[in-house]
1. For segment 70-85, does any single residue satisfy the condition of being farther than 22 Å from PHE26 by Cα, assigned to a loop (DSSP other than H, G, I, E, B) and not hydrophobic (A, V, I, L, M, F, W, C)?
2. Tell me, yes or no, whether segment 133-147 has at least one residue that is surrounded by fewer than 17 Cβ atoms within 10 Å (Cβ to Cβ), assigned to a strand (DSSP E or B) and within 13 Å of the chain's Cα centre (by Cα).
3. May I ask you to list pairs of residues, at least six apart or on different chains, whose Cβ atoms are under 6 Å apart, with the first in segment 147-176 being closer than 14 Å to ILE136 by Cβ and the second being part of a helix (DSSP H, G or I) and modelled with pLDDT under 95?
4. Test of understanding: among VAL183, VAL159, VAL132, which residue is at pLDDT 95 or above, within 30 Å of TYR61 (Cα to Cα) and in contact with a strand residue (DSSP E or B) (Cβ under 8 Å, 6 or more places away or on another chain)?
5. Go through the residues of segment 104-120 one by one and say whether even a single one is in a loop (DSSP other than H, G, I, E, B), exposed (fewer than 14 other Cβ atoms within 10 Å of the Cβ) and under 14 Å from the mean Cα position of the chain (by Cα).
Amino acid sequence: MKTLLVTFFSFGFYLISFAQEKPVYFFGDKIISDPKLATFYGVFGKLSGSNTYGLNVYDIYNNLVKSGTYIDETLTIPHGKFSYYSFIDIFNDRYGTDFLIKKTDRFLSEQGKFINGNKNGMWLTFYPDGKVRSIINYKNGFKHGESKLLDKDGNTMIVGIYKLDVKDSLWNYYQEGRIETYVNGAFQHKKYN
């Protein structure tokens, strides 16, 4: 009897959550109504016990492109954790690398949090092997705080401070042995170690 009740409630929950999901079609970033013109499609629905809507976006080959939540049903105000995915080959071509990961051609490329439509807190980008590529802090949609770029071995290449989207203070370019000084976005001077 216990097993029957668990099965019944599990199936009922599945039907309820499935019934709330809706398809959405995109041409680029724009929502469209004709699925034949879509370059991406998504599945979204209101999350139970929440006022947010979850969205997973896929390309036309069913590859997950992004996943996140919105506070509006029209999917215009991102709010919550977002994850973005990319092809390893595109990363290799863009950055002149040669990553090859067995059993996959895609990877988690970026992750962070939106609050009321603005990037907030720490955003991370990744190498195809899962190591952190960059750490950028945001405040109300502006780069704000320490930013760091790492090489594929985890060594810091560049580190500096943003203040409301402009460089501020010392920026260290470790591989070049260079330090640049900025005040409110204005370059002041540089020196070499």
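1. Start the filter on segment 70-85 by keeping residues that are farther than 22 Å from PHE26 by Cα, which leaves none.
Checked against the condition, which is being farther than 22 Å from PHE26 by Cα, assigned to a loop (DSSP other than H, G, I, E, B) and not hydrophobic (A, V, I, L, M, F, W, C), segment 70-85 yields no hits at all.
2. yes
3. Every condition considered, the pairs that remain are MET157/GLN175.
4. Just a single option satisfies the conditions, and that option is VAL132.
5. Of all residues in segment 104-120, those in a loop (DSSP other than H, G, I, E, B) come to 104-105, 116-117.
Right, trim to exposed (fewer than 14 other Cβ atoms within 10 Å of the Cβ) and you get 104-105, 116.
In the following step, the residues that additionally are under 14 Å from the mean Cα position of the chain (by Cα) were identified as none.
There is no residue in segment 104-120 that is in a loop (DSSP other than H, G, I, E, B), exposed (fewer than 14 other Cβ atoms within 10 Å of the Cβ) and under 14 Å from the mean Cα position of the chain (by Cα).
The values are calculated or read from the model by the stated rules, or taken from the named source; none is laboratory data. Given the structure is predicted, the values throughout are model-derived calculations rather than measurements. Counting neighbours? That spans all protein chains shown, and the Cβs are built from the backbone with ideal geometry, glycine included.
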